[in-house]
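Below is one structure; the comments refer to it alone.
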Amino acid sequence: MNPYKEVERLASSVAGRDIRGSFPPEGKGDYAFPLGFLLAREFGKKPEEAAREAAEKLRHPLLAEVKVEGGYVNVFFDRDEFLKSVWEEAVDPNYGRGEGGKAFVIDYSSPNIAKPMHVGHLRSTILGEAVKRILSWRGHRAIGLNYLGDIGTQFGALIVAFKRWVDEERLRKDPIKELLRIYVKFHEEAERDPSLEEEARKEFEKLERGDPENVALWKRFRELSLEGFERIYRRLGVSFDVVVGESDFVEEARKVSRELLEKGMAKIWEEGDKKGAIVADLEGEGLNHPVLLKSDGTTIYLSRDLASLLWRVREFNPDVLLYVVAIEQNLHFRQLFTVAKKLGVDRELVHLAFGMVHVEGMRLSTRRGQVVFLEDILDTAVNHVREEMMKRGTYSAEDAERVGVSSVVFWMLKAEPKKDVTFRWKDVTSFTGESGPYVQYAYVRAKNILRKAGEANTSPLTPEGEEWEIVKKVALFPLVLEEVEKKYTPHLLARYLLDLSSAFHHFYDHNRVLGDPREPLRLWIVKAVKNVLEIGQELLAMKPPERM
RNA sequence: GGCCCCGUAGCCUAGCCUGGAUAGGGCGUCGGCCUUCUAAGCCGAAGGUCGGGGGUUCGAAUCCCCCCGGGGCCGCCA
């Protein structure tokens, strides 16, 4: 049992309800409960008096001392007991694993084919991968699903552009960039010559009707795009259990739309601009009348997403369906989930919404070619890491890649998902402070000590000063994971790793490990920190380096 | 107009769900620390009306209401 939880349970039983402890100011204790305030009213006593009485009941081998200050009950852990309680597990490679037992289908990354993945997709990719890894570490079945945007009117434009301007040579070299080039050219030309738009509409219709030439082109776009995406996924260490496309759900989407119509949950729009379209009736929920089937009978993202959702339920029988998608699609998901529930879907449906990713000094627009290539972001970071490693004489291509890529990953994960973030090149090449390299440098320092220590033994001593600060933080790891598991917020883990790294850097600068009389304990601390940082990096989809 | 998200030092940010002690960090600025396990580190200084107002409470950055500012969505696009 985790020492914090153990004491929390005791305090909760005294309080008569579930309470969480907090960390008191420097020197006042290791953990604190405002029990006096909570109990004073109930028993008509003064907070201090109530606290004193509550403190009397806090008896536990883990507690060396219980102090009352105002309404607070501050506890000091018995350091030996505390250390004993984490001695085995904190250095165990399975530290922090959970019992879980639920099944999740996690929809993340989901780029549009024939377009470069943009920074928003990068956020989805990294967030989703981290959530997947953490849920699975906590004992759940986490199924990663990449739901490709492989359908849409932009393919008409692309087909027109492809037929006119594609350069096969360039296409071989960098398919995504070439597809982007002709896509941008299409929109430039279309400004001068609006008939191109009409042509694009026709090509799209042909594609929808199954015209062999256009279907073949579309298949090629899809394959070329996947190749391009794979490059990024490989570098990020991202992998999916299932890859499907919206196009796989067209038939099913028609079917479910008609079913909704029969059940009276949808109706045919009768007047005005969308006359003849089948719309979901969500007026009662204040979610309008989103279109399910267009008046020409073709599907739209809502009906395809609905069909896809139902398929996910049938295919994987998950307890939770998680969508790691930008917050701007909030309304769409509320509509989607509402319709799904009306159809009897009884699973937990979660839109893990993340905020916009801005790029400093740039208005992103795929049409205008205003994009940031993810490869360029990774390369810039890796190059900067290489320079830094060259200076120290620690350079290796593998570690430069690990540290560079991880710095981008960490940058993405350190902010709370729903907040907007602004991508600045100087942040990606600034590796001091709250950054991936800060965490990895602590990790490398720990590894270096362990490398030199060889087979040296560890044994417990009463932790003092900075030793004790680290022991306390190491014990927090499972609680952090539990929180992230519950809220799908990897930034809490990222922040925790910064905190632990900080404690370790302080410790490192002020304490000698090897050769010190306290080496047996300190070596254990180094092992524990190394272990937690290693697991933590893996869970955040970072790549632990050997040296840096 | 309706709905959603955000607002914490010059800049970025944690804490908000689950109310509790002098609001933690980082960047940048200024000043220190490498004969000892890598200075991507450490130590110190300056920097705050937690957007504003009201309410609830013994106690509010945190909960409720109103307002202001920024962003997003409300399409037979995804």
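The values are calculated or read from the model by the stated rules, or taken from the named source; none is laboratory data. Predicted model only: the values in this text are computed from it and were never measured. Cβ coordinates were reconstructed from backbone atoms using ideal geometry, including for glycine residues, and neighbour counts include every protein chain displayed.
For region A:389-405, the tally of residues that are more than 28 Å from the chain's Cα centre (by Cα), at negative phi and either within 7 Å of RNA strand B (Cβ to nearest atom) or not in a helix (DSSP H, G or I) (or both) stands at 5. The number of residues in region A:278-300 being within 6 Å of RNA strand B (Cβ to nearest atom) and either assigned to a loop (DSSP other than H, G, I, E, B) or not assigned by TED's automatic domain parsing to the domain that holds A:K206 (or both) comes to 5.
Screening A:A353 with (1) farther than 30 Å from A:E191 by Cα; (2) part of a loop (DSSP other than H, G, I, E, B); (3) within 8 Å of RNA strand B (Cβ to nearest atom) gives one miss only, at (2).
Taking region A:308-328 as the range and being free of Cβ contacts under 8 Å to residues at least 60 places away in the same chain and surrounded by fewer than 23 Cβ atoms within 10 Å (Cβ to Cβ) as the test, the residues that pass are A:L310, A:V313, A:R314, A:E315, A:E328.
Listed here are the residues, each with its yes/no results for (1) over 35 Å from the mean Cα position of the chain (by Cα); (2) assigned to a helix (DSSP H, G or I).
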{"site": "A:E199", "(1), (2)": "yes, yes"}
{"site": "A:K206", "(1), (2)": "yes, yes"}
{"site": "A:R254", "(1), (2)": "no, yes"}
{"site": "A:G276", "(1), (2)": "yes, no"}
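A:M117 satisfies every condition listed in (1) assigned to a loop (DSSP other than H, G, I, E, B); (2) under 30 Å from A:G536 (Cα atoms); (3) in contact with a Ser or Thr (Cβ under 6 Å, 6 or more places away or on another chain) except (3).
Considering A:L497, A:L481, A:L461, A:L493, the condition of being modelled with pLDDT of 95 or more, more than 8 Å from RNA strand B (Cβ to nearest atom) and in a loop (DSSP other than H, G, I, E, B) is satisfied by A:L461 alone. The number of residues in region A:411-441 that are of a type in the set (F, W, Y), within 7 Å of RNA strand B (Cβ to nearest atom) and either outside the structural domain of A:P517 (by TED's automatic domain parsing) or not in a loop (DSSP other than H, G, I, E, B) (or both) comes to 2. Exactly one residue out of A:P544, A:P520 is farther than 29 Å from A:G404 by Cβ, surrounded by fewer than 23 Cβ atoms within 10 Å (Cβ to Cβ) and modelled with pLDDT of 95 or more: that is A:P520.
State whether one or more residues within region A:442-456 are in a loop (DSSP other than H, G, I, E, B), modelled with pLDDT under 95 and either near RNA strand B (Cβ under 10 Å from one of its atoms) or not aliphatic (A, V, I, L, M) (or both). Yes, region A:442-456 has at least one match.
Give all pairs with beta carbons closer than 8 Å in which a residue from region A:417-433 that is of a type in the set (F, W, Y) meets a residue that is within 8 Å of RNA strand B (Cβ to nearest atom); count only pairs at least 6 apart in sequence or on separate chains. As it stands, the answer is A:F431/A:H384; A:F431/A:V385; A:F431/A:E388; A:F431/A:S407; A:F431/A:P437; A:F431/A:Y438, since those pairs meet every condition given. Quick one: is A:K67 surrounded by fewer than 19 Cβ atoms within 10 Å (Cβ to Cβ) and either away from RNA strand B (no atom under 13 Å from the Cβ) or in contact (Cβ under 8 Å) with a residue 24 or more places away in the chain (or both)? So A:K67 passes the test. The requirement of being over 24 Å from the mean Cα position of the chain (by Cα) and not in a strand (DSSP E or B) is satisfied by A:E270.
Beta carbons closer than 7 Å, at least 6 apart along the sequence or on distinct chains, pair a first residue in region A:172-193 that is in the same structural domain as A:A114 (by TED's automatic domain parsing) with a second that is loosely packed, with under 12 Cβ neighbours inside 10 Å for A:P175/A:E227; A:E178/A:D167; A:V184/A:R368. For region A:134-154, the set of residues classified as surrounded by fewer than 21 Cβ atoms within 10 Å (Cβ to Cβ) and in a loop (DSSP other than H, G, I, E, B) consists of A:G139, A:G152, A:T153, listed by residue number.
Screening A:V372, A:V385, A:V320, A:V345 for residues that are away from RNA strand B (no atom under 14 Å from the Cβ) and not assigned by TED's automatic domain parsing to the domain that holds A:V184 leaves exactly one candidate, A:V372. Checked against the criteria, A:H505 does not count as over 31 Å from the mean Cα position of the chain (by Cα), near RNA strand B (Cβ under 7 Å from one of its atoms) and over 30 Å from A:G355 (Cα atoms). Taking (1) touching a residue at least 40 places away in the same chain (Cβ under 8 Å); (2) in a helix (DSSP H, G or I); (3) crowded, with 16+ Cβ neighbours inside 10 Å in turn, A:A51 satisfies each apart from (1). Candidates A:L364, A:L352: the one that is among the aliphatic types (A, V, I, L, M) and over 23 Å from A:V484 (Cα atoms) is A:L364. Within this structure, A:K45 passes the test of being at negative phi and away from RNA strand B (no atom under 12 Å from the Cβ).
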